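The values are calculated or read from the model by the stated rules, or taken from the named source; none is laboratory data. Predicted model only: the values in this text are computed from it and were never measured. Cβ: placed from backbone, ideal geometry, glycine included. Neighbour counts: every protein chain shown.
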Amino acid sequence: MSVVDEARRPPEPADTGRPARARPARGSPAARRRRARRLTYAAAVVLSAWVLIPIYLITVTAFTPRRVSYQFPKPLVPTELSGETVSFFARSAGVLPALGRSVMVAVVTLGLSTLLGAPAGYALARYRFRGKEAYRLLILSTRAFPVVILSIPLAVNFITWGIYDTVISVALMHTALALPFTVLITSSIFVSVPRDLEEAAQTLGCTPARAFVRVVLPLALPGLAAASIFTFVLSWNEVFAAVILTLRNRTLPALVLSGLSRSPLPFRFAAAFFLLAPSLIVIFVIRRYLLGLWGRVSR
């Protein structure tokens, strides 16, 4: 080799003593896992944006002056904040009483659904009996009926019983809507709790009821909290049955729906914020139980 060729040859890389890190082949399992992880992250970002952006826009518009509601395009970050729109909605006729009735209905629905659904879910999870799977299917099939088919006969019965246009009538209807899901969700929750722990507590002197309270219930609490979130949100957002079963004592969604067509734009944004806020607050308060459901502890 000539001197010129020797000078043109690129220098060899220095030996660092560590093997070169090979990139995974395009079709290898590692590359597929990396690609699947990226797609999962991208889907999570898109889903989060789909949920959070409307909540952000509703909240921002609800806390801006009323004249800003009619401006277009609106700034992404508000330049001025005001409680004028929310105060305008809260001072509207019947809003605060309807808000209180919605909270009462949701709480009563949550309590009734848990008291009736949790024992049924525990029985499905722990005991074997003939027709068990058919019973599961029968519970779920009750949600196949449209709400209007249930609401109108119930309205006639409630008028006969003297409880039409009351909180308890709407709560009973919401309980009927939420109970199938409560039973199935709590059943899957109790199945995930090892039965050996319950039996071990009974061998140490606990009665079946005491073993359930001391062993099963603490382990199932995160899942029960998740089921309670679903029940509360379902009752809070349900509007069709509330419209049929109430006339003067309407819940907040029914009141908003009845006056939505003739309401100004700020009223609509403030109403949307009032309907969103309680659900978000409930989720925030019991988030520690949800995190515990996936093996994390909230500080």
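For the structure I just gave you, tell me whether Ser279 is surrounded by fewer than 18 Cβ atoms within 10 Å (Cβ to Cβ) and more than 30 Å from Pro222 (Cβ to Cβ). Here the answer is no, as Ser279 does not meet what is asked. Within region 39-59, can one find any residue that is within 18 Å of Pro266 (Cα to Cα), of a type in the set (S, T, N, Q), surrounded by 11 or more Cβ atoms within 10 Å (Cβ to Cβ) and at pLDDT 80 or above? Among the residues of region 39-59, at least one is within 18 Å of Pro266 (Cα to Cα), of a type in the set (S, T, N, Q), surrounded by 11 or more Cβ atoms within 10 Å (Cβ to Cβ) and at pLDDT 80 or above, which makes the answer yes.
Restricted to region 248-267, and to residues there that are surrounded by fewer than 19 Cβ atoms within 10 Å (Cβ to Cβ) and in a helix (DSSP H, G or I), the residue that is farthest from the chain's Cα centre (by Cα) is Leu265. Which residue is nearest to the chain's Cα centre (by Cα), if the candidates are limited to region 194-247 and must be of a type in the set (Ser, Thr, Tyr) and outside any helix (DSSP H, G or I)? That would be Thr246.
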